[in-house]
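Okay, so here's the structure we're looking at.
The values are calculated or read from the model by the stated rules, or taken from the named source; none is laboratory data. Just so you know, these numbers come straight off a predicted model, no measurement behind them. Please note: Cβ atoms are built from the backbone with ideal geometry, for glycine as well, and neighbour counts cover all protein chains shown.
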């Protein structure tokens, strides 16, 4: 046990002793059921002129104590901010004053007192009476943000937010980002829905799924990798504008930009195509930036970004030609594609298909350069099994991906609504799945049946909420914007 751990243990034992003494005297704080407060901390700052001299009831967590012998100041923090407390021996009984001095940093209290301003100009509540509402049995660290073990911050997020207000602010902004997206979509007549998380078939994206088992039905199920196929069923059913904000699960690696559980916004609009979806993405990201940053310009990793519409468009093959120096539009075989990738210094799988090789080259040479908001358009049809073919270029699909800050933040199509073409593509994907490609799309007969009833021309988008929040809050790591990211269990496997 190191010295710091021993000191924490000693202080925790002192706090437990104080709790036992309180319980023995009939003042168990954990017996308190509720507390009526009249004001939040920020209310007192905002309305000081009206509240000065008035009695208020506040509640929150105690932070710093400053004992001046007969006078004691403390900071009380609630969800709105902080307000200073002032306790004077002459204004309280001896027992009350000593009881206040016996409180610890981190304890949760309710306070009745009058609003005043100190000679130093600090808004303050002069304590008339107080009540301990919950005893903190562990001491709050004082320099949590400087810990070398960053995982400890993620693992104990509750402490991270208590000690570092800027961390809590990131998650307030995340909520504002999602609310802004919802307001915009609701204002355009979209209907928010919920679709199944456990699905008999995974689909809607190229990803390896998590599996689970339903005992009562004796049925293997998959955690969804996308809500797409269910949302398009709803378009078939007459919901012409529909969206969902929800958790997705992909059984893949963890990195600064990836987490196996993440949040996606998907939206579908009947009688629209991928050009309409580009306008919708620009509007959504603009609304998110306004909510989180106060406008379209903000800084990410030391560079200023501007999400003002319109965003430039860059075609997929042209981007590879420009950045990697190879013209993949003239490559016809899988083998030739793998050879080019190897010559470029990339490692490719022995059975990699041409379109997958193109995607690998694009990811390595193009994505890191896409810093300002950009739409990359017209991807190979072979890696876009749910998108319409581009007129006059059947090997390409009407698909785009938006990029900001060197990251892909979404995916969008002119949705394929031809059930015969969709079946052919599903069959090709099923062959790859049978050959061992665990990210290939299974054949979904019920979805094909839905398309056979007729789906109008439709545009669809998916936006990565976590990555957008990471960019809009200038966070270094995706884990910084996920409240409780997946971590290995404490203490081993």
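Restricting attention to the range 10-44, report how many residues are touching a strand residue (DSSP E or B) at 6+ places or on another chain (Cβ under 8 Å), within 16 Å of residue 102 (Cα to Cα) and in a loop (DSSP other than H, G, I, E, B).
Total satisfying the criteria: 1.
In contact with a strand residue (DSSP E or B) (Cβ under 7 Å, 6 or more places away or on another chain) and part of a strand (DSSP E or B), is that true of residue 57?
yes
Conditions tested, residue by residue: (1) in the same structural domain as residue 298 (by TED's automatic domain parsing); (2) touching a residue at least 24 places away in the same chain (Cβ under 8 Å).
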position	(1), (2)
343	no, no
352	no, no
383	yes, yes
394	yes, no
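Of all residues being touching a residue at least 40 places away in the same chain (Cβ under 8 Å) and within 31 Å of the chain's Cα centre (by Cα) in the range 430-452, which is surrounded by the most Cβ atoms within 10 Å (Cβ to Cβ)? Just the residue, please.
441
Kindly indicate whether residue 55 is in the same structural domain as residue 113 (by TED's automatic domain parsing), more than 38 Å from the chain's Cα centre (by Cα) and touching a residue at least 60 places away in the same chain (Cβ under 8 Å).
Considered against the rule, which asks whether it is in the same structural domain as residue 113 (by TED's automatic domain parsing), more than 38 Å from the chain's Cα centre (by Cα) and touching a residue at least 60 places away in the same chain (Cβ under 8 Å), residue 55 comes out as yes.
Residue by residue through the range 86-108, note down the ones that are in a strand (DSSP E or B) and out of contact with any helix residue (DSSP H, G or I) (no Cβ under 9 Å at 6 or more places or on another chain).
The one that is in a strand (DSSP E or B) and out of contact with any helix residue (DSSP H, G or I) (no Cβ under 9 Å at 6 or more places or on another chain): 86.
Does residue 210 count as farther than 21 Å from residue 268 by Cα, touching a strand residue (DSSP E or B) at 6+ places or on another chain (Cβ under 6 Å) and surrounded by 13 or more Cβ atoms within 10 Å (Cβ to Cβ)?
In short, yes.
Can you say whether residue 405 is touching a helix residue (DSSP H, G or I) at 6+ places or on another chain (Cβ under 7 Å), closer than 23 Å to residue 181 by Cβ, modelled with pLDDT of 95 or more and in the same structural domain as residue 269 (by TED's automatic domain parsing), as far as the supplied structure shows?
Judged against the criteria, residue 405 is a match.
Do we have residue 174 as buried (at least 18 other Cβ atoms within 10 Å of the Cβ), modelled with pLDDT of 95 or more, over 30 Å from residue 99 (Cβ atoms) and not assigned by TED's automatic domain parsing to the domain that holds residue 107 here?
Against the criterion (buried (at least 18 other Cβ atoms within 10 Å of the Cβ), modelled with pLDDT of 95 or more, over 30 Å from residue 99 (Cβ atoms) and not assigned by TED's automatic domain parsing to the domain that holds residue 107), residue 174 qualifies.
Any chance you could count how many residues in the range 118-132 are more than 38 Å from the chain's Cα centre (by Cα) and in contact (Cβ under 8 Å) with a residue 12 or more places away in the chain?
Qualifying residue count, the range 118-132: 6.
Would you mind telling me which numbered condition in (1) modelled with pLDDT of 95 or more; (2) surrounded by fewer than 19 Cβ atoms within 10 Å (Cβ to Cβ) residue 477 fails?
(1)
How about the range 234-292: which of its residues are outside any strand (DSSP E or B) and at pLDDT below 95?
Within the range 234-292, 250, 251, 252, 253, 254, 256, 257, 259, 260 qualify.
Considering only the range 73-82, how many residues are crowded, with 20+ Cβ neighbours inside 10 Å and either more than 30 Å from the chain's Cα centre (by Cα) or in contact (Cβ under 8 Å) with a residue 60 or more places away in the chain (or both)?
Residues in the range 73-82 being crowded, with 20+ Cβ neighbours inside 10 Å and either more than 30 Å from the chain's Cα centre (by Cα) or in contact (Cβ under 8 Å) with a residue 60 or more places away in the chain (or both): 1 in total.
Any residue at all in the range 339-348 that is buried (at least 17 other Cβ atoms within 10 Å of the Cβ) and closer than 19 Å to residue 433 by Cα?
So far as the range 339-348 goes, yes, one or more of its residues are buried (at least 17 other Cβ atoms within 10 Å of the Cβ) and closer than 19 Å to residue 433 by Cα.
Check whether at least one residue in the range 308-330 is without any contact (Cβ under 8 Å) to a residue 60 or more places away in the chain, out of contact with any helix residue (DSSP H, G or I) (no Cβ under 6 Å at 6 or more places or on another chain) and buried (at least 20 other Cβ atoms within 10 Å of the Cβ), and report yes or no.
yes
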